[in-house]
Amino acid sequence: MPMTSREYAWKRRPGWWLRNRRYLMFQLREAGGVICALYGLVLLNMLVQLRAGESAYTAFLDLLRTPPVLYLNVVLFALVVWHALTWFMLIGKAQPIQFTRQPLPWKVVFGINVLLWLGVSGAVVYLIFGGI
Amino acid sequence: MAASDVVFRVKRYRPESGGRPTFQEYTIPYRSDMVVLDGLNYIKDHIDPTLTFRWSCRMGICGSCGADVNGQPRLTCGTYVRDVHKGAVTVEPLSNFPILKDLVVDFDDFLRKLASVTPYIVRKDWGDLTKEYVQYPEDVEAYRQQSLCINCMLCYAACPVFGSSPEFVGPAASALALRYNRDTRDEGADARLARLNTRTGVWECTFVGECSVVCPKDVDPAAAIQTLKFLATMRHMRRLLMPGSSSR
């Protein structure tokens with residue numbers, strides 16, 4: 001923004017996102033979004049390995065089963081879950097379309113979305129593994 | 001320092017001498033019913049008349065006395081010292097704005113952004129100005145929440161997106177745009193949505209939500225911006241599919 005010569009330009013402090021819990025949660029949500037995109041590349045690579053043949057695919061799966069990769073997956077999974085949950089929290093706070101006369105409380109919308117998410121996830125697990 | 005005293009750490013910037021802003025400490029008498037603005041006024045009246053800050057109504061209506069109090073944007077007239085007193089009360093100018101002097105920041109950029117969303121009723125033809133433009137209670141209720149905005153700028157100070165992208169139109173201007181778009185007397189919705197559906201408009205918002213947290217009037221600008229994103233998308237699709245459609 002244009003400034004007069006005697007104004008002091010505001011400068012953002014390093015670590016501003018540690019200033020309060022909500023900024024930190026926001027940064028983790030954004031980081032979770034990046035992780036989602038990067039993990040998509042891992043899955044794409046899995047398809048590439050599958051196309052390359054059985055031995056390449058098996059080697060890739062073996063790599064995914066090593067402890068460091070498994071631990072990394074746990075962290076990534078937590079970030080992805082946090083990313084999803086934060087968006088479910090926000091849906092109820094921004095309701096451009098209202099199906100009811102009064103906006104639903106955000107916690108109700110959050111709960112409905114989480115239940116739907118668990119339902120769809122359960123159906124996917126059932127389809128892949130034929131039951132848990 | 002006596003037990004009945006409180007320390008105010010106030011950020012000072014003296015444009016005449018240049019240099020960086022620095023903190024200055026003042027020890028003042030504490031009262032359980034004092035607000036931060038009372039403390040600043042005590043300092044100005046009794047200790048240091050050069051301390052500069054804005055205030056006017058002292059009752060949370062004018063929106064002049066915003067400052068960062070212990071790192072959080074607040075109206076100093078509505079913030080009790082007893083609620084933020086943790087050893088010392090730190091008062092700084094609102095974040096994200098250039099400092100003019102001490103706690104006074106430059107709002108010109110916001111005023112330009114506000115003007116860009118035409119925050120008033122726009123009509124193609126005012127017709128007979130003696131005639132009433134009737135509104136029912138539900139018509140008023142549609143925009144009442146956004147109409148409570150007092151332009152205090154706390155939402156801009158809390159917005160990290162505005163901090164990193166100063167060209168972002170920002171929360172208050174967006175909320176006021178929605179307020180007039182929802183007014184049944186207004187005919188300027190299309191032009192406002194065209195302004196907001198740009199790179200510097202509502203799409204910059206990543207929904208941090210802090211603007212709504214710090215808003216002293218419960219305007220909820222974060223929700224207003226998400227609604228505007230939806231309305232801007234609908235306008236874009238309507239123009240794409242029905243080029244000759246009406247503006248509303």
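Among the residues of segment A:93-105, is there at least one that is within 14 Å of chain B (Cβ to nearest Cβ), open to solvent by less than 40 Å² (accessible area, probe 1.4 Å) and touching a Pro at 6+ places or on another chain (Cβ under 9 Å)? No, every residue in segment A:93-105 fails to be within 14 Å of chain B (Cβ to nearest Cβ), open to solvent by less than 40 Å² (accessible area, probe 1.4 Å) and touching a Pro at 6+ places or on another chain (Cβ under 9 Å). Taking A:Tyr8, is it more than 13 Å from chain B (Cβ to nearest Cβ), touching a Leu at 6+ places or on another chain (Cβ under 9 Å), surrounded by 13 or more Cβ atoms within 10 Å (Cβ to Cβ) and not β-branched (Val, Ile, Thr)? Judged against the criteria, A:Tyr8 is not a match. For segment A:14-59, a tally of residues being farther than 22 Å from B:Ala222 by Cβ and exposed (fewer than 11 other Cβ atoms within 10 Å of the Cβ) returns 13. Consider segment B:4-55 and keep the residues that are of a type in the set (Phe, Trp, Tyr) and touching a strand residue (DSSP E or B) at 6+ places or on another chain (Cβ under 8 Å). The one that is nearest to B:Lys101 (Cα to Cα) is B:Tyr13.
Of the residues in segment A:68-75, not one is touching a residue at least 24 places away in the same chain (Cβ under 8 Å), more than 28 Å from B:Thr227 (Cβ to Cβ), open to solvent by 50 Å² or more (accessible area, probe 1.4 Å) and among the hydroxyl-bearing types (Ser, Thr, Tyr). Within segment B:102-130, the residues that satisfy the criterion of being acidic (Asp, Glu) and in contact (Cβ under 8 Å) with a residue 12 or more places away in the chain are B:Asp102, B:Asp109.
B:Leu196 falls short of the stated requirement of being farther than 23 Å from A:Gly33 by Cα, surrounded by 16 or more Cβ atoms within 10 Å (Cβ to Cβ) and within 13 Å of chain A (Cβ to nearest Cβ).
Out of curiosity, is B:Leu94 touching a helix residue (DSSP H, G or I) at 6+ places or on another chain (Cβ under 6 Å) and either within 13 Å of chain A (Cβ to nearest Cβ) or at positive phi (or both)? Yes. Checked against the criterion of being farther than 17 Å from B:Pro119 by Cα, in a loop (DSSP other than H, G, I, E, B) and modelled with pLDDT of 95 or more, segment B:152-160 contains one or more residues that satisfy it.
Here's the yes/no breakdown for (1) on the phi > 0 side of the Ramachandran plot; (2) at pLDDT below 95:
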residue	(1), (2)
B:Lys124	no, yes
B:Leu129	no, yes
B:Tyr133	no, yes
B:Ser147	no, no
B:Gly170	yes, no
B:Val202	no, no
B:Phe207	yes, yes
B:Val214	no, no
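The condition of being within 14 Å of chain B (Cβ to nearest Cβ) and at positive phi holds for only one of A:Gly53, A:Gly15, A:Gly32, that being A:Gly15. Filtered by the rule that a residue be closer than 19 Å to A:Arg22 by Cα, in contact with a Cys (Cβ under 9 Å, 6 or more places away or on another chain) and facing chain A (nearest Cβ under 9 Å), segment B:214-248 gives B:Asp220, B:Ala222, B:Ile225, B:Gln226. Filtering segment B:199-213 to residues that are more than 8 Å from every other protein chain (Cβ to nearest Cβ) and surrounded by 22 or more Cβ atoms within 10 Å (Cβ to Cβ) leaves B:Gly201, B:Val202, B:Cys205, B:Cys211.
Quick grid of which residues meet (1) of a type in the set (D, E, K, R); (2) in the same structural domain as A:Ser121 (by TED's automatic domain parsing):
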site: A:Asn20; (1), (2): no, no
site: A:Arg51; (1), (2): yes, no
site: A:Ala59; (1), (2): no, no
site: A:Thr66; (1), (2): no, no
site: A:Gln102; (1), (2): no, yes
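Kindly evaluate B:Lys124 against the criterion of being assigned by TED's automatic domain parsing to the domain that holds B:Thr52 and open to solvent by 40 Å² or more (accessible area, probe 1.4 Å). No. On the stretch given as segment B:108-145, residues that are closer than 19 Å to B:Leu178 by Cβ and more than 14 Å from chain A (Cβ to nearest Cβ) total 12.
Being more than 9 Å from chain B (Cβ to nearest Cβ) and farther than 30 Å from B:Val214 by Cα is a property that holds for A:Leu41.
The values are calculated or read from the model by the stated rules, or taken from the named source; none is laboratory data. It should be emphasised that the depicted structure is a prediction, and the values quoted were computed from it without experimental measurement. Heads up, the Cβs are rebuilt from the backbone with ideal geometry, glycines too, and the neighbour counts pull from every protein chain shown. The area values use the complete protein model at the heavy-atom level, side chains included, leaving out ligands, DNA and RNA. Shrake-Rupley method; radii C 1.70, N 1.55, O 1.52, S 1.80 Å.
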